[in-house]
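S.K.: Let me begin by handing over the structure; questions about it come next.
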Amino acid sequence: MAGKIRVFTVGYAGKSAQAFFELLQEAGVHRVIDVRLYKTSQLAGYTKRDDLAYFVRTIVGGDYVHLSRLAPTKQILNDFKQGVIDWGQYEAAFNELIAARRIETLVACEQIANACFLCTEAKSIHCHRRLVVEYLAKHWPGIDIVHL
């Protein structure tokens, strides 16, 4: 890998379609990598998998890919949502999961240049998309992470 690679993350919760797609455009995103376990969310109608692929292509001029192997398991997600585990335990379990999955082998470093990892949470601090890009940055030095 030569030089810096910029990688973005974004959550759509609380964002209008206009605000969401303007963020992607202004950042220069070329690919949206959906890391949600459930890609047909009703939280924002514009983020259903097929609709999102269309909007990314026509509005942003990029492509869309869903990588479920970058999502938590249903068990980890449910345990966190139901309060069975706290964020620290979720983070540890998810980091263990993505290490076991060897997610660095699922995409080439060059494929994530100017890509944006998408999930639901408005802020990245308590979202697995942050953990995904931090994990990849440990394996591929030179990644610059920007949370939109």
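The values are calculated or read from the model by the stated rules, or taken from the named source; none is laboratory data. It should be emphasised that the depicted structure is a prediction, and the values quoted were computed from it without experimental measurement. Counting neighbours? That spans all protein chains shown, and the Cβs are built from the backbone with ideal geometry, glycine included.
S.K.: Considering the stretch 42-70 alone, what residues qualify as being out of contact with any strand residue (DSSP E or B) (no Cβ under 7 Å at 6 or more places or on another chain) and either part of a loop (DSSP other than H, G, I, E, B) or acidic (Asp, Glu) (or both)?
M.R.: Of everything in the stretch 42-70, those that are out of contact with any strand residue (DSSP E or B) (no Cβ under 7 Å at 6 or more places or on another chain) and either part of a loop (DSSP other than H, G, I, E, B) or acidic (Asp, Glu) (or both) turn out to be Gln42, Leu43, Ala44, Lys48, Asp50, Asp51, Gly61.
S.K.: Now a separate question. Here are Arg69, Arg6: which of them is touching a helix residue (DSSP H, G or I) at 6+ places or on another chain (Cβ under 7 Å) and at pLDDT 90 or above?
M.R.: Values: Arg6 fails: touching a helix residue (DSSP H, G or I) at 6+ places or on another chain (Cβ under 7 Å).
When all the criteria are applied, what remains is Arg69.
S.K.: Another one. Evaluate the stretch 71-88: report whether one residue or more is touching a residue at least 40 places away in the same chain (Cβ under 8 Å), assigned to a loop (DSSP other than H, G, I, E, B), closer than 26 Å to Trp140 by Cα and touching a strand residue (DSSP E or B) at 6+ places or on another chain (Cβ under 7 Å). Give the derivation first.
M.R.: Within the stretch 71-88, the subset touching a residue at least 40 places away in the same chain (Cβ under 8 Å) is 71-72, 77.
Those left that are additionally assigned to a loop (DSSP other than H, G, I, E, B): 71-72.
Restricting the remaining residues to those that are closer than 26 Å to Trp140 by Cα gives 71-72.
From the residues that got through so far, the ones that are touching a strand residue (DSSP E or B) at 6+ places or on another chain (Cβ under 7 Å) too are none.
No, because not a single residue in the stretch 71-88 is touching a residue at least 40 places away in the same chain (Cβ under 8 Å), assigned to a loop (DSSP other than H, G, I, E, B), closer than 26 Å to Trp140 by Cα and touching a strand residue (DSSP E or B) at 6+ places or on another chain (Cβ under 7 Å).
S.K.: Another question, if that's okay. Just to be sure, is Tyr135 surrounded by 12 or more Cβ atoms within 10 Å (Cβ to Cβ), in contact (Cβ under 8 Å) with a residue 24 or more places away in the chain, not aliphatic (A, V, I, L, M) and not in a helix (DSSP H, G or I)? Step through it out loud before you land on a result.
M.R.: On the way: surrounded by 12 or more Cβ atoms within 10 Å (Cβ to Cβ): yes; in contact (Cβ under 8 Å) with a residue 24 or more places away in the chain: yes; not aliphatic (A, V, I, L, M): yes; not in a helix (DSSP H, G or I): no.
So Tyr135 fails the test.
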